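Chemist: Pasting a structure here, questions to come.
The values are calculated or read from the model by the stated rules, or taken from the named source; none is laboratory data. Remember, predicted model here, so these are calculated numbers, not experimental data. As a convention, Cβ positions derive from the backbone with ideal geometry for all residues, glycine included, and neighbour counts pool all protein chains shown. The area values use the complete protein model at the heavy-atom level, side chains included, leaving out ligands, DNA and RNA. Shrake-Rupley method; radii C 1.70, N 1.55, O 1.52, S 1.80 Å.
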Amino acid sequence: MQWIQHFLSNVKPSKDDPVILVLDGHYSHTRNIELIDLTRKNGVHLVCLLPHCTHLMQSLDVSLMQSFKTYYARVIDQWFKQNPGRILTHYQIDMLLGETFNKVASVD
């Protein structure tokens, strides 16, 4: 419950200025009466996604980011194999991120 206290103190919702909080459908969110009461008292409207459908609601994570993470890990491994003993700095990371993004985000 500490995360909701942190959320409330940073966002500062109220009955006059409410916010919407979207949660996945995990039972710890949907069946937590303390959480539901706390959010109602503080002007937070909860929207809970159906269980086991988060991947449908987060299509960017499935379509782009999963490929990005997979390809980026390969690019990093390849860089270390081609540059044994060298330290990966922010200059190389920038280059490798750009290479990864161009590969994954292209129409191809």
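Chemist: Among the residues of segment 54-88, which ones are under 30 Å from MET1 (Cβ atoms), free of Cβ contacts under 8 Å to residues at least 12 places away in the same chain and either open to solvent by less than 60 Å² (accessible area, probe 1.4 Å) or not in a helix (DSSP H, G or I) (or both)?
Modeler: GLN58
Okay, residues lined up against (1) surrounded by fewer than 10 Cβ atoms within 10 Å (Cβ to Cβ); (2) over 19 Å from the mean Cα position of the chain (by Cα); (3) modelled with pLDDT of 90 or more:
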| site | (1), (2), (3) |
| --- | --- |
| LYS41 | no, yes, yes |
| CYS48 | no, no, no |
| ASP94 | no, yes, yes |
| VAL107 | yes, yes, no |
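Chemist: For PRO51, only one of the following conditions fails: (1) part of a loop (DSSP other than H, G, I, E, B); (2) touching a Pro at 6+ places or on another chain (Cβ under 9 Å). What is its number?
Modeler: Result: PRO51 fails condition (2) only.
Chemist: Would you check which residues across segment 7-39 are surrounded by 15 or more Cβ atoms within 10 Å (Cβ to Cβ) and assigned to a helix (DSSP H, G or I) and list them?
Modeler: If the condition is that a residue be surrounded by 15 or more Cβ atoms within 10 Å (Cβ to Cβ) and assigned to a helix (DSSP H, G or I), then PHE7, LEU8, HIS29, THR30, LEU35, ILE36, LEU38, THR39 are the ones that fit.
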